[in-house]
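As structure tokens, the structure follows; a few thoughts come after it.
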Amino acid sequence: MALWLLQLAGDVAQVAADAGVQAAQAAADAGTTAAQDAAQALPPPSSTPGQMVGRGRLVGGWEYVWASYIVTWTGIVLYALSLWVRRPKGEAPGTGGRS
Amino acid sequence: MPLITPLLILVGVVGLLLAHAFVPSVRRWSWKAFLGIAVVMFLVQPYLALSWAPPEREMGEVQRIMYMHVPQVWMALLALTLNFCCSVAFLLKKSWVTDALAEASAEVGVYFGAVGVTLGAIWAKPTWGVYWDWDPRLTTAAIMIVIYMGYLTLRRFVEDPEKRATWSSVMGIISYVDLPVLWFSVKWWNSLHQVQSSPKTVDPDMTMVLRWSATMFLCLLSVFIIHRFRVAYAARQAEVAPPEALAPGAA
């Protein structure tokens, strides 16, 4: 009886292990297929200089580009203003009193 | 537009910079020339960067941030290299000109560094998913800004002009150690930040716009440093000038 129970437990463990291997294999296959699909969806690299290379994986994002321009322009205006406020009085600009 | 255009403009700008450095009479009008070139290039740059250049294969339109981020970081490195040279020059031969130029280049370098790092954070959000990561490149960039803010603070706290110039020169030389580390950090360590690209691996149109933007910011850097130098040099002259009663010709 004990021998039979042990044999039964071993069979159950073997079935469970086989199921796990099959599930892992299926998941790996699905992942590979998805990656292949994604690669095929990408446009081919440009071979001619100046030719458009596609839209890219990231779509949109113009708000980040505009933000970078706003930060740059704001910085330039503020720093130029700070230089103007601190300018020494009564000298020709750019000479630094040296020429 | 011919791809060589920004290179030709860059050669002209560098020539004007050399003339500014070595021909005193040029200094009266050179900043106006730099400003004029910068204004024209700033008017054209949005068309080139936002429309004319192609989007990047992986990052799409977001990659266009590169045309503002990379040149401004380059300008920061250039300004802080000038600060290093002035610091060495002052220790070799004391001059208020090199001291004022060191002060001017450090402040302008911190300005461009701060804007460049901010733009990098904006670029990181859509591509990395976070605004900030403590990877080697970003960490060394943050250290650079903090160190040079300390340099500027040191200059504020020391009242004696000679001590201030000497101490800040020493600090300027020590601080510069961070810059080569920053530059090579993407090669030395496993950084999230990409390694430097080269024209061989980038679309020629992208290279052209990057060079255009770099030349544009070089003109702006020149204008800023010239005017900041003027402020610093005037302050130095006021500090070291003898009192009116002791001035030659007084009494």
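The table below gives the values:
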quantity: Accessible area (Å², 1.4 Å probe, nearest 10) - B:MET149; calculated: 100
quantity: Sites B:TRP188 and B:LEU7 - FRET efficiency at Förster radius 30 Å, r taken between beta-carbons, to 0.05; calculated: 0.50
quantity: Semi-axes of the equivalent ellipsoid for chain B, Cα gyration tensor, largest first, Å; calculated: 36, 23, 14
quantity: Cross-link partners of B:LYS200 among lysines (Cα-Cα below 28 Å; sequence separation of 8 or more within a chain); calculated: B:LYS125, B:LYS187
quantity: In Å², nearest 10: area of B:SER185 left accessible to a 1.4 Å probe; calculated: 0
quantity: Residue among B:PRO54, B:LEU119, B:VAL39 farthest towards the positive dipole end of segment B:18-135, charges placed on Cβ; calculated: B:VAL39
quantity: Those residues of segment B:125-146 whose amide nitrogen sits under 13 Å from the label point placed on B:VAL181, 7 Å along Cα→Cβ; calculated: B:136-146
quantity: Test item: A:73-83 mean partner chain Cβ contacts at 10 Å; calculated: 4
quantity: Full-stretch length increase - B:LEU154, B:ARG28 - with 0.36 nm per residue and alpha-carbon distance subtracted; calculated: 42.2 nm
quantity: Solvent-accessible area buried by pairing A with B, both sides, nearest 100 square angstrom, 1.4 angstrom probe; calculated: 4200
quantity: B:THR81 versus A:ARG57: modelled label distance in nm, points set 7 Å from Cα along the beta carbon direction; calculated: 3.3
quantity: Accessible surface, 1.4 Å probe, highest first, among residues B:VAL209, B:VAL11; calculated: B:VAL11, B:VAL209
quantity: From phi via Karplus (6.51, -1.76, 1.60), per-residue ³J(HN,Hα) for segment B:105-115 in Hz, x at Gly/Pro; calculated: 5, 5, 5, 5, x, 5, 4, 5, x, 5, 5
quantity: Separation of the B:VAL130 and B:ALA238 label points, Cα + 7 Å toward Cβ, nm; calculated: 4.6
quantity: Kirkwood Rh in Å, taken over all unlike Cα pairs in segment B:137-251; calculated: 18.2
quantity: Neighbour net charge for B:PRO126 - beta-carbon separation under 13 angstrom, K R +1, D E -1; calculated: -1
quantity: Point-to-point label distance, B:LEU18-B:TRP52, nm (Cα→Cβ direction, 7 Å offset); calculated: 2.7
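The values are calculated or read from the model by the stated rules, or taken from the named source; none is laboratory data. Because the structure is a prediction, the values reported are computed rather than measured. For neighbour counting, all protein chains shown are included, and Cβ atoms are generated from backbone atoms with ideal geometry for every residue, glycine included. Quick note on the areas: whole protein, heavy atoms, side chains included, nothing else; ligands and nucleic acids left out. Shrake-Rupley method; radii C 1.70, N 1.55, O 1.52, S 1.80 Å.
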